[in-house]
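Written below as structure tokens is the structure these notes are about.
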């Protein structure tokens, strides 16, 4: 039975605590789902549409992929409408959250929702559109909470993804109580452009390859620090990761300002996402001072609420 009146679901954005860029070279990564969500409503319609416009292959590749992966009644078109609560340009995983929310909303038209299937379908869609990438973002948006990605199974495995000669296992990660503050530079950044820039650097320069190796080691140590609840060590490793990424070329003057401001009141801080603008996260025991410091440095800042749920049905 279909829900002719439509469905409404949401999926969370994410921050990357460890593994920015290095996950693209086979390293581990940690992402935390956050309560900045993308909402998606789907209903039967006279034509396929996205936010009131005709569904277009070029303009709406992820929504089109969700329809092709999930909807079996192509003679019954759907209207798909998004509402994002993720601030534009912040680099907090909006594309992955949108794809997961769209897949979930279409699945719920048939009262059918299997999280692993949603994550796998999203991974296929993203690979079809982007020709590359890891399942870190889509897994955080699907599962919520903390996600640990590695190339082999460890404690609390959820799903394993394979594509060509690559393999990733997604794990549920128990997170200690922590206060995270996000600082936004106000400068939108293209994560894909930065990834391409660092890939070129990696291919040409052995120094860049050494730095990626360092980032992989930092991510593995960060996983150990989080597992033991050691916030001081986690913060120290965040700062170390940030400095390596600055050397790789992912920096921006506003990120430098926010990093210096946040570091005075935090265990550690680092960019999250691609860099070149975008956002910085700080692990702190004094969120108010950290927020004030980053705002005085010229950014926008607020405390983050971690999302205990990933994909969820809304009223």
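For region 166-270, the helices (runs of 4 or more DSSP H) that sit wholly inside it and include 1 or more residues that are modelled with pLDDT of 95 or more and in contact with a strand residue (DSSP E or B) (Cβ under 7 Å, 6 or more places away or on another chain) are 206-227, 231-248, 253-263. Only residues that are in contact (Cβ under 8 Å) with a residue 24 or more places away in the chain and loosely packed, with under 15 Cβ neighbours inside 10 Å were counted in region 187-207, giving 3.
Scanning region 125-137 for residues that are touching a strand residue (DSSP E or B) at 6+ places or on another chain (Cβ under 9 Å) and either part of a helix (DSSP H, G or I) or within 13 Å of residue 97 (Cβ to Cβ) (or both) yields 127, 136, 137. Does residue 112 satisfy being assigned to a helix (DSSP H, G or I) and over 30 Å from residue 177 (Cβ atoms)? No: the conditions fail for residue 112.
Screening residue 210 on (1) surrounded by 15 or more Cβ atoms within 10 Å (Cβ to Cβ); (2) not assigned by TED's automatic domain parsing to the domain that holds residue 104 shows it passes everything except condition (1). Flag set for residue 117, criterion: assigned to a helix (DSSP H, G or I), free of Cβ contacts under 8 Å to residues at least 40 places away in the same chain and surrounded by fewer than 17 Cβ atoms within 10 Å (Cβ to Cβ).
The values are calculated or read from the model by the stated rules, or taken from the named source; none is laboratory data. Remember, predicted model here, so these are calculated numbers, not experimental data. Positions of Cβ are backbone-derived with ideal geometry, glycine not excepted, and every protein chain shown enters the neighbour counts.
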